[in-house]
Each structure stands twice: as structure tokens, then as C-alpha cells.
Amino acid sequence: MLDEMTGALEPSGEDSEVVWEGNGAVVPAGQPMLLVLLDGSVAQVPTDTAYQAMLPVAAPRANPSDLPTVISSSRDPQLVGRRFRVGDAAVGTFAVVRLVRLQALD
């Protein structure tokens, strides 16, 4: 949901649901990327908000309305609690991993 006072996207407690929980990785994308914004326009996102998720192929397909949240991290405790918005459902798929573009929300 959009908080009109702050302009921030907030999860809706009423219709939020966990669709997948498991191992994966969140890493900086390393270069500017294109994301479709909420109003449907396309923008180049700066590298400080551009990330990629590496999810198992068995995980459900990510949708642009999904807001993944890091619930634990054995390598980077600063990632715990960070939320992202899915920017692209699948950038690429390999034998065991699916790459998904993310934009950091907080």
C-alpha cells in the first residue's frame, strides 16, 4: 500500500501472505538497470537501490507486486529486515537458480 503522507510503500497486513520461505541470496546488481515503476513508466535505477535475488528454481515465480523481505542472513546481518520490490520476474534461469531484479525499499 502507498502511504500518501510519506510516499513510502508499506505492506498491507490484510492481504499480505508468505508465498515462499527458504534459502536464497540477495546481491547488489552492480550496474544501473531498468525497472517498471508503479505508474507503468520505465526508469533507470541507480546502483545503490539495484539488487538481484538468486532463488531456487523450485521457488514460486516472483511477481512485480511482491515485496521480498530478508528474514535472516549468515553472511550479512545488515540485510536482515530489508525489504525489496520485485522489478522483473525473471532475468535469467540456470539449472538450479533463478535471477530476479529487485529494488531496495529500505
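Quick notes on this one:
- Each Lys or Arg adds one and each Asp or Glu subtracts one; over the other residues with Cβ under 11 Å from the Cβ of ASP66, this totals +2.
- In sequence order, calculated HN-Hα J values of the range 79-84 (Karplus, 6.51, -1.76, 1.60; Hz; x Gly/Pro): 6, 4, x, 6, 10, 9
- Each of the peptides 78-86, 66-74, 97-105 was scored by the mean count of other Cβ atoms within 10 Å over its residues; in descending order, highest first, they stand as 97-105, 78-86, 66-74.
- For the range 70-75, Karplus couplings with θ = phi - 60° (6.51, -1.76, 1.60), whole Hz, Gly/Pro x: 7, 9, 7, 8, 7, 9
Read-outs: derived from the displayed coordinates by stated rules, not from any lab. Remember, predicted model here, so these are calculated numbers, not experimental data. Ideal geometry is used to build each Cβ from the backbone, glycine not excepted, and the neighbour counts take in all protein chains shown.
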